[in-house]
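Below is one structure, written out as structure tokens; the observations come after it.
The values are calculated or read from the model by the stated rules, or taken from the named source; none is laboratory data. Since we're looking at a predicted model, the values are computed, not measured. Reconstructed Cβ throughout: ideal geometry from the backbone, glycine too, with neighbour counts over all protein chains shown. Calculation scope for accessible area: heavy atoms of the full protein, side chains included, ligands and nucleic acids excluded. Shrake-Rupley method; radii C 1.70, N 1.55, O 1.52, S 1.80 Å.
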Amino acid sequence: MDSSMIAKIMAFVIYLAFMVFIGLKNAGKNAGTADFFLGGRSVGPWFTALSAEASDMSGWLLMGLPGIAYLGGIKEVFWTSLGLTLGTYLNWLLVAKPLRKCTVAFGDSITIPEFLTNRLHDKTHLISVISVIFIVLFFTIYTASGLVACAKLFNSVFGLSYFSGLVIGFAVTLSYTILGGFLAVCTTDFVQGALMFIVLIVLVLVMTISLNGPFEAVRKVSEFSQMAINGNFSESMKIAFTKNQHYSVLSAISALAWGLGYFGMPHIIVRFMGIRSNADIALSRRIAMVWVVVAFAGAFIVGSCGSAFLFGGNGEILQSAETVVSEAIQTIFSGNVALSFIGAIFLCAILAAAMSTADSQLLVASSAFSRDIFKGIAKTDADEKTVLLVSRIMVFVIAAVAFFIARNPESSIFSLVSYAWAGFGATFGPLVLLSLFWRRTTNKGAILGLIAGGITVVLWHNLDLILPKTAFDSFPLLSVYELLPGFLVGLFVAIIGSLLDKEPPKEILEEFDKYKKMPD
């Protein structure tokens, strides 16, 4: 083992130890479930903004998205990034303040299922049960994508086996999430979000300068694309680049539809519930938007320029496109021990992207089960310590199942994230918007919309297993991203179901009117 490898190991150990330290430091601050799940609604605007966006992006920002760009998917990355940027802004603008007010007004709710149950006075608890089922299902898939990112990073940097990398990512993320709860997650996400921001800016500058400026970089990337299609590259490489040459209007609509997912993303909108006051939201929104624009632009440029930058350096193409950022960092920061150490710290940004999402998802999923199923239905007289214990056990259980799903080294980070994102956007997005802005929403309509949106996503995602390939050629609409039909079906069914149901009781309407009149 040479000195450069030792420096890399030291950097990773220091970083991972720091994450665990944050968990230990915040462990004593959780007097009850309100502290463990929402930090006592005391988080400031900077921590809220960076925590929300870091938990949003996951390993796909520094692995999945650049990997698509590396394979010539520049149009796909552009339209997806545009949809997500618009979705981020609208989520902060339309949902943040009303959601914080509404969750306080309706029983001081601290989870999304609890909020929907309180808002719609669902005495059957069906909303809670169905919500928790979808949350655990899709968050387990989402968490698996973060563990896959960790495993691929450790394999790329240290040559560790995929399984060994998986174990390390699992152990560290699990430890500080179980120990520190919401405050630990927000603090680690703040650190990780800042690191991701800095790394992307540095990579863009270094790679653009190395390729002799932006115009020359564009020319070289275009040359590489033609070589990938017509040269002696692998058949999978040719297929990927050829596919991206024929990017349709329908594909652009699918990419833009990613933005709809934000309205129903529990691990993101829960940050709105935990912010110190509504007065801080405007500042948080500005911070978040700067971070998002720079992050997407950086991932786009690094991924697309990575082909020319790395190919020009060693004459080889990457075996795994999703390692383009890690390979670029290792190419730039090499030559001596100091550079290797700095490079390893930068590589931790990829680990940060994966862990900052996985920790939030584990926390939200465990809170949904412990608060809404265990405390809300199974054992209503459970004390705070028991609920906290159940929450921590559920963090472990969900992480363990995600670990099992992530065992396949061929797993695609982008595909896993895409499926989970659609699931949350279609199930919870319409209900959150209707609950905040339409007083006529009923619990029966909400239940029907929740089920319809979730089932539509699952069925649409698996259409290729149900229908023959010729069906997609005859009906191109079948290939649209499952989030769009899922969201529209969920919204339509919830509205029609509510209109067909009798009007909500007078006390619910009065509560809604009172919430709308609450000061910001």
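Quick rundown of the values:
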{"read-out": "Test set (1) at pLDDT 85 or above; (2) more than 30 Å from residue 275 (Cα to Cα); (3) of a type in the set (D, E, K, R) - residue 316 fails condition number", "value": "(1)"}
{"read-out": "Selection status of residue 439, open to solvent by 10 Å² or more (accessible area, probe 1.4 Å), closer than 18 Å to residue 127 by Cα and outside any helix (DSSP H, G or I)", "value": "yes"}
{"read-out": "Test set (1) touching a Ser or Thr at 6+ places or on another chain (Cβ under 9 Å); (2) in contact (Cβ under 8 Å) with a residue 40 or more places away in the chain; (3) surrounded by 12 or more Cβ atoms within 10 Å (Cβ to Cβ) - residue 488 fails condition number", "value": "(2)"}
{"read-out": "Which numbered condition residue 362 fails, given (1) over 26 Å from residue 450 (Cβ atoms); (2) modelled with pLDDT under 85", "value": "(1)"}
{"read-out": "Filter pass, residue 381 being outside any helix (DSSP H, G or I), of a type in the set (Asp, Glu) and either out of contact with any Pro (no Cβ under 9 Å at 6 or more places or on another chain) or surrounded by 15 or more Cβ atoms within 10 Å (Cβ to Cβ) (or both)", "value": "yes"}
{"read-out": "Residues located in the stretch 467-485, provided they are of a type outside the set (A, V, I, L, M) and without any contact (Cβ under 8 Å) to a residue 60 or more places away in the chain", "value": "468, 469, 470, 472, 473, 474, 475, 485"}
{"read-out": "Residue match in the stretch 75-84 (condition: in contact with a Phe, Trp or Tyr (Cβ under 9 Å, 6 or more places away or on another chain) and small (Gly, Ala, Ser))", "value": "yes"}
{"read-out": "Selection count where residues are open to solvent by less than 10 Å² (accessible area, probe 1.4 Å) and within 18 Å of residue 302 (Cβ to Cβ), scope the stretch 82-107", "value": "1"}
{"read-out": "Residue within the stretch 125-134 that is among the aliphatic types (A, V, I, L, M), without any contact (Cβ under 8 Å) to a residue 60 or more places away in the chain and assigned to a helix (DSSP H, G or I) present", "value": "yes"}
{"read-out": "Test set (1) in a helix (DSSP H, G or I); (2) out of contact with any His (no Cβ under 8 Å at 6 or more places or on another chain) - residue 422 fails condition number", "value": "(2)"}
{"read-out": "Lone unmet requirement of (1) at pLDDT 85 or above; (2) open to solvent by less than 20 Å² (accessible area, probe 1.4 Å) for residue 110", "value": "(1)"}
{"read-out": "Of all residues in the stretch 463-520 being among the aromatic types (Phe, Trp, Tyr) and closer than 14 Å to residue 446 by Cβ, the one that is modelled with the lowest pLDDT", "value": "512"}
{"read-out": "Sole residue being under 30 Å from residue 19 (Cα atoms) and modelled with pLDDT of 80 or more, chosen from 139, 190, 163", "value": "163"}
{"read-out": "Of residues in the stretch 49-73 being modelled with pLDDT of 80 or more and assigned to a helix (DSSP H, G or I), the one nearest to residue 197 (Cα to Cα)", "value": "53"}
{"read-out": "Filter result for the condition that a residue is within 30 Å of residue 514 (Cβ to Cβ) and aromatic (Phe, Trp, Tyr), over 438, 421, 460", "value": "438"}
{"read-out": "Candidates 170, 182 - the one that is under 30 Å from residue 516 (Cα atoms), modelled with pLDDT under 85 and surrounded by 19 or more Cβ atoms within 10 Å (Cβ to Cβ)", "value": "182"}
{"read-out": "Yes/no for residue 85 being farther than 30 Å from residue 155 by Cβ, of a type in the set (Ser, Thr, Tyr), modelled with pLDDT of 85 or more and in a helix (DSSP H, G or I)", "value": "yes"}
